Amino acid sequence: MLENVMIAAPIPVEDPAVKKVPALVNGKWADLNGASHPVYNPATGLEIARLPYATVADVDRAVQAAHAAFKQWRDTPVVDRVQPLYRFKTLLEKNANEIAAILTTENGKTIEDARVEVRRAIQMVEVACGMPSLMMGDSLNDVARGIDSRTVREPLGVCAGITPFNFPAMVPMWMIPFAIASGNTFILKPSEKVPLTPTRCTELLLEAGVPDGVFQIVHGGRETVDALLHHPLVKAVSFVGSTPVAKYIYSTAAAQGKRVQALGGAKNYLVVMPDADMPKTVEAIIGSAFGAAGERCLAGSVLVPVADAAEPLLKLLTERTEEILVGDGSKEGIGMGPVITNDHRRKILGYIEKGVQEGARLRCDGRGRAKEGDGYFVGPTIFDNVRPEMAIAREEIFGPVLSVVRADTLDHAIELVNSSEFGNTTSIFTQSGKSAREYQSRVEVGMVGVNIGVAAPMAFFPFAGWKNSFFGDLHAHGKDAVYFYTEQKVLMTRWF
Ligand code: NAD
């Protein structure tokens, strides 16, 4: 089922102390003409900003401006196109702490997690600065007598990006620097829950000297997205978010002949063999399952101890999980912040209820932290004796809930992983190269780690899952991003 914008709670209308978040259209900051919606700090439940949404006419203005800017931008030599990105990288570095603080305020993740995210965002810009080399084609002389042949890559035109709430600094950078360095113009529609971080980054992009119309930011929910998906001048759409919306974006945009990459949701398995280094494995699992309050598409959410691994693993994991400090992520030393909205907290609590009803055993119960009227907190939760058919084993919860499904053998563990409708990431913990190799080659998953809690590819490698975690062909960042944002042409030349 497609969900529209989720609003946490009714709020008093138009507090003049709450700032409106502007959009950037054709090089100018302006309020959009649609209805305004509140943005909350999930650690306090307080409104921190008001977000006017784009109307269909607002989206059209942005697309027309992007289209008009395209001709000159595509003719700008690539070495000149990357100059603003070099300056942008420096500005991001200079302002990294401020961006991380904004990010924590609107998303809730800890300030430490936010700083890591900003660093990851900067790495995307660094890689895209290599566009002159990344865009190079192949050439071969005398493919036939006197005929030379070469390939060139050309930008597509106006590209759009629609991004989720959980990485407001990094995920937009999977798209923006690659798209514009390769000669496209770009319109970002960030998550309406976290517009402040991308807005601050946009200010820096302007300061770095990106020309008017080359980059724009508009806000909104489904209506805004639909206006982008249906606009004939939008040539390509990059989406990152939940699976039902990813499917919708993919089918709608592709049906109109647009190029699409749509990264969806996940249910990620962490498999632990009896020979694993248990203390290090437990630390990796905690970071994976409970880091960013489990709101990562790479978060481990099903733990599969194989045979004798179960008892020592779960004893240590339970002890360490109880020690995690839950609170306002802007305070140093907090191990886990709130989840994004009150509705999302309720959804997670509903899954915990369901797990109990279905007969799973609670080893750590995070519900004690979930006070109404406060920030949107849910404590780290571990279910043992989970059966593969239970909802908590199959469905994406996107919160700090870890389901333990025990397996007898490595074969059994691989069978469990491959039975999932998702295939984003997985990891095996073992000291056996043979088990690791077998695991890596047999799992039907896009990003596979060995002894790594969050197997996130770096900016110069591609990023995407398999099955219901991804719809499209070319993945995010790395060389795939260059291929996604360009069209290849083969030139054959003979001179008489
Ligand atoms: P979401 O799908 O609710 O929203 C993502 C974007 O789509 C937002 O900009 C939102 O405004 C827009 N949107 C929402 N509903 C829409 C609709 N009906 N029609 C058109 N547009 C719509 O996702 P979210 O809650 O912001 O983010 C969490 C989800 O994103 C999780 O499922 C997570 O696994 C996934 N995610 C995946 C990856 C990945 O790499 N595969 C990375 C990050 C997040």
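The values are calculated or read from the model by the stated rules, or taken from the named source; none is laboratory data. A quick note: this is a predicted structure, and the numbers were derived from the prediction, not measured. Every residue, glycine as well, gets a Cβ built from its backbone with ideal geometry; the counts of neighbours run over all protein chains shown. Surface accessibility is based on the protein's heavy atoms, side chains included, excluding ligands, DNA and RNA. Shrake-Rupley method; radii C 1.70, N 1.55, O 1.52, S 1.80 Å.
Side notes on the structure shown:
- Cα long-axis angle, helix 278-290 against the chain (0 to 90 degrees, to the nearest 10): 60
- Built amide H within the under 5 Å cut-off of GLY300, gap 5+: ALA289
- Under-20-angstrom lysine pairs by C-alpha in segment 203-310, whenever the two are 8 or more apart or on separate chains: 4
- Between segment 441-459 and segment 461-475, the alpha-carbon center distance in angstrom: 13
- Probe 1.4 Å, accessible area per residue of the chain, Å²: 40
- Span from the segment 51-88 Cα centroid across to the segment 117-161 one, whole angstrom: 19
- Karplus (6.51, -1.76, 1.60) ³J(HN,Hα), θ = phi - 60°, over segment 295-307, in Hz, Gly and Pro reported as x: 9, 10, 6, 9, 5, x, 10, 10, 9, 10, x, 9, 6
- Three-way shape call for segment 79-207 based on the alpha-carbon gyration tensor, with the a/c threshold at 1.5: prolate
- Segment 110-248, relative contact order in percent, only Cα pairs under 8 angstrom and at least six apart counted: 26
- Folded to 0 to 90 degrees: helix 83-94 orientation relative to the chain principal axis, Cα: 30
- Selection from ALA393, GLY423, VAL454, by position along the positive dipole direction of segment 385-458 (Cβ): VAL454
- Accessible-area composition of the chain, carbon plus sulfur, in percent [1.4 Å probe]: 54
- Summarising the label geometry, the points placed 7 Å from Cα in the beta-carbon direction at GLU112 and GLU98 lie 2.6 nm from one another.
- Helix 56-75 and the longest principal axis of the Cα set of the chain meet at an angle near 60°.
- Positive-end extreme of charge dipole, segment 177-252 - chosen from GLY183, ILE249, LEU204 (charges on Cβ): ILE249
- By definition, a body whose alpha carbon gyration tensor gives a ≥ b ≥ c is prolate when a/c is 1.5 or more and a/b is larger than b/c, and segment 98-144 fits this prolate description.
- Exceeding the 32 Å Cα-Cα cut-off - candidates LYS19/LYS109; LYS347/LYS467; LYS347/LYS434; LYS193/LYS479; LYS94/LYS189; LYS71/LYS467: LYS347/LYS434; LYS71/LYS467
- From phi via Karplus (6.51, -1.76, 1.60), per-residue ³J(HN,Hα) for segment 374-383 in Hz, x at Gly/Pro: 10, x, 8, 9, 9, x, x, 10, 10, 9
- With contributions of -39500 (n - 2.57) from each DSSP H run of at least four residues, the per-residue ellipticity at 222 nm computed over the chain stands at -11500 deg cm²/dmol.
- Amide H to amide H, with H built 1.01 Å from N, HIS37 comes under 5 Å of LEU51, TYR53, counting only residues 5 or more places away or on other chains.
- Check: the chain dipole with +1 on Lys, Arg Cβ and -1 on Asp, Glu Cβ, in debye: 980
- For the chain: rounded, prolate or oblate by the Cα gyration tensor [a/c cutoff 1.5]: oblate
- Projecting the Cα atoms of GLY264, VAL404, PHE471 onto the charge dipole of the chain, computed from C-beta unit charges around the Cα centre, puts PHE471 farthest toward the positive end.
- Between ALA276 and GLN431, the built amide H atoms are under 5 Å apart, and every one of these is 5 or more places off in sequence or on another chain.
- Under the Karplus curve 6.51 cos²θ - 1.76 cosθ + 1.60, θ = phi - 60°, whole-Hz ³J(HN,Hα) for segment 245-258, x wherever Gly or Pro sits: 6, 4, 5, 5, 4, 4, 5, 5, 6, 5, 5, 9, x, 8
- Averaged over residues, the count of other Cβ atoms within 10 Å places the peptides 452-458, 24-30, 239-245, 137-143 in the sequence 239-245, 452-458, 24-30, 137-143, highest first.
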